[in-house]
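The values are calculated or read from the model by the stated rules, or taken from the named source; none is laboratory data. On a predicted model such as this, the values are computed, not experimentally measured, just so you know. Here the Cβ positions follow ideal geometry from the backbone for every residue, glycine too, while neighbour counts run over all protein chains shown.
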C-alpha cells in the first residue's frame, strides 16, 4: 500500500522547513570560480580563497550541511559573512509518497524568483538491490506536449536553476541517509559503493536541453570528484531530440545520453513527440552517430514507450533495428504508464515480449522496464506538479507568511 507522509507533523519535518524567498544569491549551485569570486567580494584574503573554497565545497557536497554554523573548521567571522551574503536553504517538501514497491516521490516547492511565485516539481527515487536511481526534473512544466506524457499536459512555468536541480539530489540524499551524520569525524564520507543514490537520470519534468546552462552546471557539480562525486557514467541525460544541443552535451558535460524516441516513422513521431516536426528522425539519429565519446562502453539508450496498436507491431521492431544500425545502443522498452485522461493503452505484455525478442535477435539489448511507483503516479511519464493550479487559499496563506517576514537565513 502506498504511504503519504504528513509533513505538517513536526516530528516528520526535520529538513522540511519551508524556505521563503530571499534576495541573497544561493551558495548551492555556484561553480568553484563563482564561489571564489563571492569570497573575494567578502574581502577574504586572496591567499586564503582557494583553501576556503575547498573547505566550503566539502561541507556543502560531501557533508551535506544546511547551516553555516555546522562548518566547524571555518572561523565564526567568515561563517557570519557567508550567512549574511549567501543563502544556504532547502526547498519545502510539500509531500513525500512511498509506493508499495519502495519507490519514493517528493513534491518540492521552490521559492519565487523575481516577480514570480513559488513553483513545484516532482522528483522520484527508485531503489534496487541496496542502491537506486534518482529521477530529477529540469523545468517546471514542459513545452514539448508529448501526447503520452502527463508532464506534457502542464504548460512550461520556468526553467529550474542549477541550485534547484542540485537541491533535488541533495534533499533526496538527506532523506535517504546518504550524507554522514553531523557528529561523525570530518573526514568520514559515505563510500560510493554504499550510496542509496548511485545513479541520477535527467528524465523528470521538462526538457533538459532547453535549460542547458543550468543543467550543465548542476551536473558538473554533481560529478565533481571532491563533492557529490557521481561518476559521469552513472548520470544519464534524456532528451526528446533537441538536435543542436546534443553534441554540446557530449563535449561540455560528458554524461550518458538517452533519446526519447517512441516511434520509427516521422508521421507518428510528429504526433507522439512534436519536436520531431522541427528535428525529424534522420537528423536526430545523425546527431546520435556523432555523439562525442560514443562507443560500445558508452552506448546511447533509446527509450521506446509501448502503446497498444500504435507503435508496437513486429514491423515497428524491425524498422527500429534498421534505423539504429551502426549506433552502439540499447533500447529500453517502457510499458505505458496510464495517467488520468491519457488517450493511450499499454501494449499487451505478450506483444511487448515479442517486440523485445525481435530487437534482441537483431543484436540489441532491449530490456523491458519494470513499472515502478504506479500507485503514487511516480512511473515514467506520470510526473506533474501543481504549480499551475495552486489553490487560491494556498497562495494567500503563502503571501501572508511572506508579508509577515517568516523567511529563512
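Keeping to the range 234-244, report how many residues are in contact (Cβ under 8 Å) with a residue 60 or more places away in the chain and in a strand (DSSP E or B).
Within the range 234-244, residues that are in contact (Cβ under 8 Å) with a residue 60 or more places away in the chain and in a strand (DSSP E or B) number 2.
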Considering the range 33-60 alone, what residues qualify as being surrounded by fewer than 17 Cβ atoms within 10 Å (Cβ to Cβ) and under 22 Å from residue 168 (Cα atoms)?
34
Is at least one residue of the range 61-68 part of a helix (DSSP H, G or I) and within 14 Å of residue 170 (Cβ to Cβ)?
yes
Of the residues that sit in the range 333-361 and are surrounded by fewer than 15 Cβ atoms within 10 Å (Cβ to Cβ) and not in a helix (DSSP H, G or I), which one is modelled with the highest pLDDT?
348
The range 260-332: helices (runs of 4 or more DSSP H) wholly inside it with 3 or more residues that are buried (at least 20 other Cβ atoms within 10 Å of the Cβ) and under 26 Å from the mean Cα position of the chain (by Cα) are 281-289
Going by what's in this entry, would residue 127 be described as in the same structural domain as residue 198 (by TED's automatic domain parsing) and in contact with a helix residue (DSSP H, G or I) (Cβ under 7 Å, 6 or more places away or on another chain)?
no
Checking 79, 90 in turn, the sole residue that is free of Cβ contacts under 8 Å to residues at least 24 places away in the same chain and in contact with a helix residue (DSSP H, G or I) (Cβ under 7 Å, 6 or more places away or on another chain) turns out to be 79
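Just need a number here: residues in the range 198-233 that are touching a helix residue (DSSP H, G or I) at 6+ places or on another chain (Cβ under 9 Å), part of a helix (DSSP H, G or I) and within 24 Å of residue 128 (Cβ to Cβ).
The total comes to 5.
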What residue, of 26, 66, is at pLDDT 50 or above and touching a helix residue (DSSP H, G or I) at 6+ places or on another chain (Cβ under 7 Å)?
26
